[in-house]
Amino acid sequence: MTELATGRRADELRTVPLTDILTLDRLDRGLFRSVHRFEVDRALYGGQVLAQALLACGATVEPDRVPHSLHGYFLRRGNAAQPVVFRVDNDRDGRSYSARRVVALQDGEVIFNMSASFRTVAEGEEHTTADVVPLAPPEQSPIVTSEPELALLARVEDWSGPEKFFPSRFWVRPNCELPHDDPLLHAAAIAYMSDFSTGLRRTVGTEVLGPSLDHALWFHRTPRWDDWLFVDHGRGVSAGKRGWYRGTVIGHGEIVASLAQEMAYSDRR
């Protein structure tokens, strides 16, 4: 196992429960700060700030409202060894929907901003059955790890060619059990996972897939993550020194969430 800057091994970092990593302190009305800091000098994982921003927004809405969509932009490189402050603005609370905006700050600078929408749980006609059928259960799929190590357990079904920067189909679950009655935390955990591919970049030709630019996530049902989820990445687009891809998150044969992300390309040094 590769030694990290502080002498702690990667598997030690991976044992930090996801619930601990995502914990926030409430400082004031609409103002929150992350609690956990990694003792390593590395970039802040984008999925972490995305998930914590969603938790900060969710803490300002009525408890009967759950997130259904978010759209965020990664603006600066964050530092995993420093806390992040989240400032939430209340845009609107309607009869069914609530809208929030949040900025994440380190050293007085905005590193990430996001808008998020919440709504009351509503019953309606559903067409969420997934067309994708996994070829093998997670127990029969090879383990994959990311750099840096994340609070996730992942097993790859398809990483079929060198032209692919990251797996196109994989199983994933958090490294700890999530509280059963907290849909906001389950949504945040899925948001944390949805940026997972950034830790699995591969170099292709003279270019390397670089940092995330923007990210979108839609929850199609009340978030629940108590078992393996299957992620299927569709065909992407590469143009203008940017790469874009979409993905579908599937649980028990039903589409739980959809995601889209754009990332920058840079010349290989």
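The values are calculated or read from the model by the stated rules, or taken from the named source; none is laboratory data. Computed from a predicted model, the values in this text were never measured in an experiment. Virtual Cβ from ideal backbone geometry, glycine too; neighbours counted across all protein chains shown. When the accessible area is computed, the model is the full protein with side chains, heavy atoms only, and any ligands, DNA or RNA have been set aside. Shrake-Rupley method; radii C 1.70, N 1.55, O 1.52, S 1.80 Å.
Here are the numbers:
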read-out: Solvent accessible area, Å² - residue 176, 1.4 Å probe, full protein context; value: 30 Å²
read-out: Computed accessible area, residue 228, all protein chains, 1.4 angstrom probe, square angstrom; value: 40 Å²
read-out: Sequence of 255, 143 when ordered by accessible area, the most exposed leading, probe 1.4 angstrom; value: 143, 255
read-out: Accessible surface of segment 8-82 [probe 1.4 Å, protein heavy atoms]: carbon and sulfur percent; value: 43 percent
read-out: Distance between modelled label sites at residue 227 and residue 244, nm, 7 Å Cα→Cβ extension; value: 3.4 nm
read-out: Accessible surface of residue 181 - all protein chains present, 1.4 Å probe, nearest 10 Å²; value: 130 Å²
read-out: Probe 1.4 Å, accessible area per residue of segment 48-149, Å²; value: 54 Å²
read-out: Cα-based shape type of segment 34-75, given that a ≥ b ≥ c are square roots of the gyration tensor eigenvalues and the cut on a/c is 1.5; value: oblate
